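Please treat every number below as a calculation from the coordinates, not as lab data. This structure is a prediction, so every number in the text was calculated from the model and none was measured. Here Cβ is always computed from backbone atoms with ideal geometry, including for glycine, and neighbour counts include all displayed protein chains.
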Amino acid sequence: MKQFLLIPTALCLLLTTTLVIGQNTRFSDPKTVVSDHFWGDLYANGGNSFFCNTAFTSKGFVLTDGYVYPLADVRSALDCGTSRECEQDNRYRQIASDMHNMIPVRSRTEMGRRNARYEDLGASVSEDECGIRQSAQFFEPPVRVKGDVARTVAYMVDTYDLPWLGSSAVFKGWNRLDPPDDGEITRHRRIAEIQGNDNPFVTDPNRMERL
């Protein structure tokens with residue numbers, strides 16, 4: 001009888017392990033992750049802002065820690081309440097601590113896109129100095145990071161069961177248009193070292209077609 005009981009228990013453990021593979025299970029304190037690991041480790045020697053590709057040597061007052069999948073949308077999807085209330089939610093803290101979703105971004109850009117949905121706006125909407133197109137509640141990133149955005153959103157959708165922030169077909173198109181380059185791969189490897197898990201859509205971009 002004990003042997004029969006062990007089988008479902010083992011299967012349960014296997015399924016539980018499978019569910020957490022690919023998730024950030026190392027960090028659950030967003031503020032500490034941002035200060036100590038995002039700025040303190042990943043960008044300790046500076047880098048380039050995500051959307052505008054502007055070089056920086058330190059954070060400064062014009063840069064902030066942004067999120068490809070905005071935290072306001074995470075809170076809405078989890079229905080965990082206000083920012084303060086969601087900070088008491090273990091699942092929210094884990095998601096908000098995931099460095100695969102964090103980017104260095106100009107404060108002005110981050111403020112302007114927080115409630116926007118990703119979309120192809122086309123040439124009818126003019127680009128700003130960074131190559132960004134914005135119209136009403138829609139945001140189109142520069143071509144050079146469209147794939148980066150797509151693979152990050154896909155990771156958040158697949159890993160944390162969050163809704164798409166726009167049409168999945170748009171993200172799949174961006175993934176094909178802009179495959180991972182050396183900069184994205186290097187950043188991804190560094191995050192994986194710090195956080196302990198991969199974004200499988202960076203290591204295998206074709207995976208998006210099956211999502």
**OP:** Look at the range 177-206 and say how many of its residues are over 17 Å from Asn48 (Cβ atoms), charged (D, E, K, R) and in contact (Cβ under 8 Å) with a residue 12 or more places away in the chain.
**Re:** 1
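Somewhere in the range 145-152, is a residue free of Cβ contacts under 8 Å to residues at least 40 places away in the same chain and either over 29 Å from Ile191 (Cα atoms) or more than 17 Å from the chain's Cα centre (by Cα) (or both)? Before the answer, list the steps.
So in the range 145-152, the residues free of Cβ contacts under 8 Å to residues at least 40 places away in the same chain come out as 146.
Subset that is either over 29 Å from Ile191 (Cα atoms) or more than 17 Å from the chain's Cα centre (by Cα) (or both): none.
No, the range 145-152 contains no residue that is free of Cβ contacts under 8 Å to residues at least 40 places away in the same chain and either over 29 Å from Ile191 (Cα atoms) or more than 17 Å from the chain's Cα centre (by Cα) (or both).
Would you confirm whether or not the range 118-135 contains a residue that is part of a strand (DSSP E or B) and among the hydroxyl-bearing types (Ser, Thr, Tyr)? Outline the logic, then answer.
In the first step, residues of the range 118-135 are kept if they are part of a strand (DSSP E or B); the result is 118, 133-135.
Now narrow it down to the ones that are among the hydroxyl-bearing types (Ser, Thr, Tyr): 118, 135.
Among the residues of the range 118-135, at least one is part of a strand (DSSP E or B) and among the hydroxyl-bearing types (Ser, Thr, Tyr), which makes the answer yes.
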**OP:** State the number of residues belonging to the range 89-110 that are assigned to a helix (DSSP H, G or I) and closer than 15 Å to Asp73 by Cβ.
**Re:** 6
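Anything in the range 48-79 that is assigned to a strand (DSSP E or B) and either within 18 Å of the chain's Cα centre (by Cα) or aromatic (Phe, Trp, Tyr) (or both)? List them, or say none.
Asn48, Phe56, Leu63, Thr64, Asp65, Gly66, Tyr67
Find the residue count for the range 153-175, including only residues that are without any contact (Cβ under 8 Å) to a residue 24 or more places away in the chain and surrounded by fewer than 17 Cβ atoms within 10 Å (Cβ to Cβ).
As a first pass, look at the range 153-175 and keep what is without any contact (Cβ under 8 Å) to a residue 24 or more places away in the chain: 161, 164, 169.
Now narrow it down to the ones that are surrounded by fewer than 17 Cβ atoms within 10 Å (Cβ to Cβ): 161, 169.
Selection size over the range 153-175: 2.
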Original post:
Name the residues in the range 61-120 that are under 21 Å from Ser49 (Cβ atoms), in contact with a Phe, Trp or Tyr (Cβ under 9 Å, 6 or more places away or on another chain), surrounded by fewer than 17 Cβ atoms within 10 Å (Cβ to Cβ) and hydrophobic (A, V, I, L, M, F, W, C), would you?
Top reply: Val62
